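Heads up: the structure comes next, in C-alpha cells.
Every number in this text was worked out from the coordinates using simple rules, so none of it is lab data. Computed from a prediction, not measured in an experiment: that's the story for all the values here. No Cβ is skipped: glycine too gets one built from the backbone with ideal geometry, and neighbour counts run over all protein chains shown.
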Amino acid sequence: MADRALARAAAAVAPHALELRDVRFRWRGRPSFALSVDALRVAPGERVLLVGPSGSGKSTLLSLLCGVIAPDSGAIEVLGSDLARLPGAARDRFRGEHFGILFQMFNLLPFASVMDNVVLPLHFAPGRRRRAAERGSVAAEAMRLLEALGIEPSLVRSGTAARLSVGQQQRVAAARALIGAPEIIIADEPTSALDRDSQQAFLDLLFAEVTRAAATLVMVSHDGTLAGRFDRVVRLEDIARVERGQGERAT
C-alpha cells in the first residue's frame, strides 16, 4: 500500500508520464546485442506512436518501459518513480497497478472465459480493482468495456476465449488492458493482424476508451501510415541505438 501511495503522490507532480534518460541495456548471454536510448519523454495523456522496422529493438524498449527488464544504467521514470531503482518484485507490483498492456499476440488464456480474461490483471493490482468497482462492480465495468469495444454480451456468455475470432480476441485483450483505468497503456503492434478498415475501427474504439480514462498511450508499430491518429510519432532509429553481431536480430 505504501508503494502505491508514494507512486500516486509522485505522479501528481511528475512533468512526464514516461521519461528515459541515458538508458543502456545488454541482454545477458548475448554480448553482441545492446540497446541505448539517450532520451525519450512522453507527456501525461499524450498518444505516441513508436515506429520501427522488424529487428529495431521495439520489444526490448517496451520491456524496459514496463519494467519487465531493468537497464544496466540510466533512469526510467514512470509517473515520478524510477523503475531502474526498484527491485524486481516492486517493479512487478508497479506494472500491475499502473500499466495496461496490449500484447501483439493478445496472450489470452484460451480455455478461460472472456470475463475471466478481462479481470485477470485485477487479481494482482488491488488499486486497479478498486477503481474498476467504483461505478458498481468489477463485472459490470468489464461488461461496459467489452460492449464499448464491440463485444456482444452473448459472446461473453458463450464459452472460452479460444472460440472467438482474431478481431474479437483483440478487443477482449484491449478490455483487459483498460480495466481499472491504468494511467499508461502500452500497445505492441495491436493492429498487425487486421485489414485497413478493421484497423481504423479498432483504433477508434481504443482511443475513445483511452480518452475516457485520461490515460497515456504508447503504441509500437512498423506501419507508419497510422501516424495521423497520434499526437506524435517517434522513430526508433532517432532515439535508440542497437548494437548486434553478425547474424543476430534485435527484438
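The reciprocal of the average 1/r between distinct C-alpha atoms defines the Kirkwood hydrodynamic radius, which for the chain equals 18.6 Å. Every helix of 4 or more DSSP H residues in the chain counts as -39500 (n - 2.57), and over all residues that averages to -11000 deg cm²/dmol at 222 nm. In terms of the Cα gyration tensor, with a ≥ b ≥ c the square roots of its eigenvalues, is region 56-199 rounded because a/c is under 1.5, prolate because a/b exceeds b/c, or oblate? Here region 56-199 falls in the oblate category. Relative to the current alpha-carbon distance between R163 and W27, full extension at 0.36 nm per residue lengthens the span by 45.3 nm. Inter-part distance, region 15-50 to region 96-170, computed on C-alpha centroids, equals 29 Å.
Computed FRET efficiency, Cβ-Cβ of A90 and R241, R0 30 Å: what is it to the nearest 0.05?
0.55
Candidates V234, A214, G80 compared by Cα position along the dipole of region 2-243: farthest toward the positive end lies G80, with charges placed on Cβ.
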